[in-house]
1. Using only the Cα atoms of region B:188-256, each taken as one equal point scatterer with no solvent, compute I(q) by the Debye sum, divide by I(0), and report log10 of the ratio at q = 0.13 Å⁻¹.
2. Which FRET efficiency value, to the nearest 0.05, is calculated for residue B:104 and residue B:208 with the Förster distance at 22 angstrom and r the Cβ-Cβ distance?
3. Between helix B:309-319 and chain B, what is the angle of the helix's C-alpha long axis to the longest principal axis, kept within 0 to 90° and rounded to the nearest 10?
4. Once the principal axes of the Cα atoms of region B:110-204 are found, what is the range along each, listed largest first in whole angstroms?
5. Looking at region B:27-66, I'd like the Rg to Rh ratio, where Rg is from alpha-carbon atoms and Rh is Kirkwood's inverse mean 1/r.
6. For a Förster distance of 41 Å, can you work out the FRET efficiency between the beta-carbons of residue A:54 and residue A:91, rounded to the nearest 0.05?
7. Once you keep just the Cα pairs under 8 angstrom separated by 6 or more residues, what percentage relative contact order results for region A:128-215?
8. Report, in whole Å, the centroid distance computed from the Cα atoms of region B:256-320 and region B:15-55.
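Derivation of every value follows stated rules applied to the coordinates shown; laboratory data play no part. Note that the coordinates shown come from a computational prediction; the quantities given were computed from them, not determined experimentally. No Cβ is skipped: glycine too gets one built from the backbone with ideal geometry, and neighbour counts run over all protein chains shown.
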């Protein structure tokens, strides 16, 4: 059954093609408020840009994306290790290889993340209202250290034993040992494969959204040359 | 401060733009990292040195095992006197002036080394051992002073003990029932039974908490000997190291550094001082954007000239 031209909203009737009209956004309501906020703050052009300011042509911007690439390998190899259980990789050559993928992707993840952190420090990447982006990045770094620590303890080998026996004294000394016991394999393993990776993944998503929303910070001293008259260079803040 | 507030200052969109493909960049990065990970994993593998066990300890170094177990029974071991969160001792409680944060949360993982590490396993082993049953009864019936006298004499004798065919032989002396008790515990440990008894001591079948066996192992010299061979000691920057020739937690280099230098390396509360120091430094890293001086260093030391080298070169050319 055909629809006569001009009988539906959005159809001009002139081209013979029927274009669906965008659904009318009801004002009010939680969903409408969130939708409006997202449209204002994070339009798709910002989330998935096809053009960027020319100053991003620098090696320093590589470290962020390779950190995410390494994290993808960490998560994928970790999922396989988790699926087959914590003892599998000790008795299976395939399991040992998967563990090796996990081990080296973690090493690369930290190398890239630290380079990214240093790059952003020397670029003063927190300028112009981007302090929350920096702070979320630092929190990711700190949680990653705790995650790696619980991973080393979950290895079930000599290194895991020695790290647990020694680390307990530092953790106990500040009173945290009552709730975070490195000698308790079950607790460490649960944190390592579940809560901490979820926290890191969510924070990385937030971090990327923050970067996309605010755009890449301008080079130090660039504002005078590119902003309209009367706008002064932004100090690091 | 809003976590998702739009940026202030220069608008990135006000600059000349270039083509940019975010998803392509991520895909290329993933490809490069995949090659790196596969090559490293395939060529270098990963470390996996077998864990120590109480059985292995008792077989490799029976004198050290019996010496440690005697200390557990006497209540003189590190674990027996540790303090929170394991027990009410104070031997390992660290303080900062009048502050004892280690004691604030109290005892959460109760560890009674006398019973959990020695007497409970022996009572289970005594079910088919009349000599051990008698020795345990004698020890239990003795007054505390008598027990201490036997244990002190036995501990002193262990300094001259020898291992013969897997048994520990001490010079003759008045040790009461302690010698047969320790011989029985050594036999249980050498069979591998003590590894299981320390995990199932609470009557549980499933178990994932290794607090008891790890504390027992940590009190002895066998685990630390294996760790020293692998360069894992604190004064060997051990927290950063892995077994074999593999990189460890290199990102803990700063944490480990403090243990190597004064005043941390001689302080009795070194752990507490190091953790607090790292806490303060972590907070400073988090708050860099708000700390005058720290946030200005990138402006004073122009490494940003390298980061945006092409941008500044074009700026100079444009102004000429």
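1. Results for region B:188-256 at q = 0.13 Å⁻¹ read -0.54.
2. On the way: r = 26 Å, r/R0 = 1.19.
Computed FRET efficiency for residue B:104 and residue B:208 comes out at 0.25.
3. Taking Cα atoms only, the helix is inclined about 20 degrees.
4. If we take the Cα atoms of region B:110-204, the spans are 39, 34, 28 Å.
5. On the way: Rg = 20.3 Å, Rh = 13.5 Å.
Reported Rg/Rh, Kirkwood definition of Rh: 1.51.
6. Details: r = 54 Å, r/R0 = 1.32.
The formula returns an efficiency of 0.15 here.
7. Numbers: 62 pairs, mean separation 34.4, N = 88.
Here the relative contact order equals 39 percent.
8. Using only Cα atoms to place each centre, the spacing works out to 27 Å.
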